[in-house]
Amino acid sequence: MNRRKFVIVSTVLMFAVAGVVAGLTLYTNFIVKASIGDLPAAVRYFPADSQAIIGINVRAFVNSPFYAKIEAKHGQEVGSNLAEFVEKTGVDPRRDLDYMVAGGQALARGKGKGAVIAVGRFNQQAITAFINSKTVPIRVDYSNATVYMIPEQSGTELEKGIAFLSGSEMALGDLESLKAILDVRAGKEGVGSNQNLAPLLEELDPTAMFWFAGDAASIMSKSPIDTPIGEKIGAIQNIFGTLNLTDAVSGQITATARDEESAAKLGDVVKGLVALGQLASDQSAELAELMKGISVVQDKTRIQLSLNFSSELLERLEHLKSQTRKVI
């Protein structure tokens with residue numbers, strides 16, 4: 001897809017990409033019991049057959065010391081990329097985006113479908129005008145809302161679209177997923193009735209910067225891994241976790257296996273990988289510090305991987321990586 005034609009999607013996803021680049025969006029410091037109602041209301045808009053839900057507290061991320069370092073290093077580049085969008089819509093994601101929630105399903109052959117709901121302050125008229133200035137969207141009226149589908153460069157496909165749910169919420173995704181969200185908002189049962197995901201969402205800390213919950217068994221059934229390690233990973237029934245990036249990177253990911261024997265085998269795999277890292281850490285003080293912040297614990301059918309280390313360590317590891325490349 002032409003980036004300029006769908007700049008809104010890339011803009012809203014900017015913060016998610018930042019988390020992925022950090023490589024840490026699957027971990028957290030601690031888990032606190034909470035009801036789904038303590039999470040953003042947008043969580044409830046996803047359909048009952050969702051297999052995974054991911055949340056990003058953008059406001060907490062942007063206000064964190066971690067993001068301040070990113071801004072200092074890449075702020076000019078980010079600002080330049082957003083300049084036209086901000087000028088024409090008056091919306092700056094760094095200022096006006098509060099929360100993002102994504103949800104979806106895995107399909108056969110490694111494909112999937114889903115949507116992202118952005119929560120913040122949006123000027124619908126200005127954003128719509130901006131879209132119209134870049135392309136000719138196809139309007140789809142559905143359930144008291146208008147979905148603007150964005151044609152691909154070829155003009156033969158309409159893969160992604162945007163729908164304004166309210167003055168403070170807009171959804172982006174494929175048409176089927178957007179319709180499913182609108183159906184839930186109109187009264188159809190949502191993810192709160194999902195017997196696999198709902199209990200996981202209840203265990204999440206609603207104040208966390210990043211969090212996720214997934215029905216791993218359903219997802220893996222669509223993309224099985226035919227290897228010895230894949231067999232052990234395939235024993236995971238569900239998985240959830242949270243992450244906070246401040247002066248420290250602290251996290252925990254919890255996976256539930258089908259039985260205690262499977263959990264033990266899975267735990268051995270993870271512990272083995274950590275042990276390999278510890279052996280390599282003899283050659284690097286930075287890697288040794290990282291390994292000290294990682295622990296693995298089995299509690300019956302659950303495996304918990306925790307980490308806690310200074311965010312400054314990431315900079316030192318990046319510097320070490322750069323020096324290694326120069327030597328090679």
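The values are calculated or read from the model by the stated rules, or taken from the named source; none is laboratory data. All of these numbers come straight from a predicted model, not from anything done at the bench. All Cβ positions, even for glycine, are placed from backbone atoms using ideal geometry, and neighbour counts span all protein chains on display.
Please tell me if ALA186 is modelled with pLDDT under 95, in contact with a Ser or Thr (Cβ under 6 Å, 6 or more places away or on another chain), aliphatic (A, V, I, L, M) and loosely packed, with under 14 Cβ neighbours inside 10 Å.
In short, yes.
Only one of these is in contact with a helix residue (DSSP H, G or I) (Cβ under 6 Å, 6 or more places away or on another chain) and at pLDDT 90 or above: LYS265, LYS222, LYS300. Name it.
Only one candidate qualifies: LYS300.
Just a yes or no: is a residue in region 230-238 modelled with pLDDT of 80 or more, within 26 Å of LEU200 (Cα to Cα) and basic (Lys, Arg)?
no
I'd like the residue in region 131-153 that is touching a residue at least 40 places away in the same chain (Cβ under 8 Å) and among the β-branched types (Val, Ile, Thr) and, out of all such residues, is farthest from VAL184 (Cα to Cα).
Only one residue fits best here, namely THR135.
Can you tell me which residue is farthest from THR89 (Cα to Cα) among those in region 106-149 that are in a loop (DSSP other than H, G, I, E, B) and hydrophobic (A, V, I, L, M, F, W, C)? Spell out how you get there, then give the answer.
Going residue by residue through region 106-149, those that are in a loop (DSSP other than H, G, I, E, B) are 107, 111, 121-123, 135-137, 143-144.
Checking which are hydrophobic (A, V, I, L, M, F, W, C) leaves us with 107, 122, 136.
Values: LEU107: 35, PHE122: 9, VAL136: 17 Å.
The qualifying residue farthest from THR89 (Cα to Cα) is LEU107.
Does region 109-132 contain any residue that is more than 19 Å from LEU165 (Cα to Cα), surrounded by 14 or more Cβ atoms within 10 Å (Cβ to Cβ) and polar (S, T, N, Q)?
No, region 109-132 contains no residue that is more than 19 Å from LEU165 (Cα to Cα), surrounded by 14 or more Cβ atoms within 10 Å (Cβ to Cβ) and polar (S, T, N, Q).
Of the residues in region 51-83, how many are in a helix (DSSP H, G or I) and free of Cβ contacts under 8 Å to residues at least 24 places away in the same chain?
Of the residues in region 51-83, 12 are in a helix (DSSP H, G or I) and free of Cβ contacts under 8 Å to residues at least 24 places away in the same chain.
Could you tell me whether ILE162 is in a helix (DSSP H, G or I), touching a residue at least 60 places away in the same chain (Cβ under 8 Å) and in contact with a strand residue (DSSP E or B) (Cβ under 8 Å, 6 or more places away or on another chain)?
no
Does region 133-145 include one or more residues that are among the aliphatic types (A, V, I, L, M), within 24 Å of ASP98 (Cα to Cα) and crowded, with 20+ Cβ neighbours inside 10 Å?
First, the residues of region 133-145 that are among the aliphatic types (A, V, I, L, M): 136, 138, 140, 145.
Now drop any that are not within 24 Å of ASP98 (Cα to Cα), which leaves 145.
Filter again for crowded, with 20+ Cβ neighbours inside 10 Å, leaving none.
Within region 133-145 (the criterion being among the aliphatic types (A, V, I, L, M), within 24 Å of ASP98 (Cα to Cα) and crowded, with 20+ Cβ neighbours inside 10 Å), the answer is no, since none of the residues qualifies.
Suppose we filter region 130-168 for residues that are at pLDDT below 90, aliphatic (A, V, I, L, M) and touching a helix residue (DSSP H, G or I) at 6+ places or on another chain (Cβ under 8 Å); how many remain?
So the count comes out to 3.
Which number in (1) part of a loop (DSSP other than H, G, I, E, B); (2) modelled with pLDDT of 90 or more; (3) not hydroxyl-bearing (Ser, Thr, Tyr) marks the one condition that GLY103 misses?
The failed condition is (1).
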